[in-house]
Amino acid sequence: DGGITQSPKYLFRKEGQNVTLSCEQNLNHDAMYWYRQDPGQGLRLIYYSQIVNDFQKGDIAEGYSVSREKKESFPLTVTSAQKNPTAFYLCASTNQRTGSIASKAFFGQGTRLTVV
Amino acid sequence: AQKITQTQPGMFVQEKEAVTLDCTYDTSDQSYGLFWYKQPSSGEMIFLIYQGSYDEQNATEGRYSLNFQKARKSANLVISASQLGDSAMYFCAMREGPDYGQNFVFGPGTRLSVLP
């Protein structure tokens, strides 16, 4: 079955460490997104990529970095510069090629990151 | 300014009754799409229903329908015959056209609790 796989499901980070969250999709989607969700809150856009080797900052990109070397993969690195990284992280993708804003976003299961 | 407003942080509904979750949006784009997603406690985001700005009829998907009032910029989700499994967070989201980035913007969500 096609879908988006995020790993790990739970991640613990020590102060000052960088950690990388994995996001892989086999939907052949062009566009991929990373969102952050804090408890009881909506989703905020961190980074997005509409094509391989290109990505753009979202609303809260500071302290995060991404790469898009393959269409299927869009890993997110939470750097030590992110002062409050404890949150739920969701990766999503859409089929941008339809050229339609009707293309819904497909989501992964999420990664819960905790700073210890 | 908030692009998506969901004024009900929490809602209760009796099993088998209908419930309306409110969503208002703000855009100056003529072409946009409105989405509703459900997020159970497990964290995954489940797509429920879509309404395009040019769609003349309200969208329906099984027990879900969207009460779209374009002039009021509202897109309320109606769930008929509520079930215990409907207890979850519900997010309204908007996607604007290419001139506005085509990214999804999410509201803060409404937590729905279905009572037996």
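FYI, it's all coordinate maths here, none of it is from the lab. Since we're looking at a predicted model, the values are computed, not measured. We place every Cβ from the backbone using ideal geometry, glycine too, and count neighbours over all the protein chains shown.
State log₁₀ I(q)/I(0) for chain B at q = 0.12, 0.16, 0.20 Å⁻¹ as given by the Debye formula over alpha-carbon point scatterers of equal weight, solvent excluded. Log10 I(q)/I(0), no solvent term: -0.39, -0.69, -1.06.
What do you get for GluC sites (Glu not before Pro) in region B:51-116 restricted to DSSP loop and a cutoff of at most 16 other Cβ within 10 Å of the site's Cβ? Could the numbers behind the result be given before it?
Numbers: sites: B:E56, B:E61, B:E96; in loops: B:E56.
For GluC sites (Glu not before Pro) across region B:51-116 that sit outside H, G, I, E and B with at most 16 neighbouring Cβ atoms in 10 Å, the list reads B:E56.
Stretching the chain fully between B:Y64 and B:S80 yields a gain of 5.1 nm (0.36 nm per residue, less the alpha carbon separation).
The alpha-carbon atoms of the protein assembly as shown define a convex hull whose volume equals 130 cubic angstrom per residue. The relative contact order of region B:1-113, computed from alpha carbon pairs under 8 Å that lie at least 6 residues apart in sequence, is 36 percent.
Of all chymotrypsin sites (Phe, Trp or Tyr not before Pro) in region B:22-84, which ones are in loop regions per DSSP and have a Cβ with at most 14 other Cβ atoms within 10 Å?
Values: sites: B:Y25, B:Y32, B:F35, B:W36, B:Y37, B:F47, B:Y50, B:Y54, B:Y64, B:F68; in loops: B:Y54.
Answer in residue order: B:Y54.
How high is the FRET efficiency from A:V52 to B:F47, r the C-beta distance, R0 30 Å, rounded to 0.05? For R0 = 30 Å, the calculated efficiency reads 0.75. Neighbour counts of C-beta atoms inside 10 Å place A:V66, B:V78 in the sequence B:V78, A:V66, starting with the fewest. Just add up the charged neighbours of A:Y48: K/R +1, D/E -1, any other residue whose Cβ is under 15 Å from the Cβ of A:Y48. It works out to a net charge of +2.
Taking 18 Å as the cut-off, the amide N atoms of region A:23-54 that come nearer than this to a point 7 Å along the Cα-to-beta-carbon line of A:T114 belong to A:37-40.
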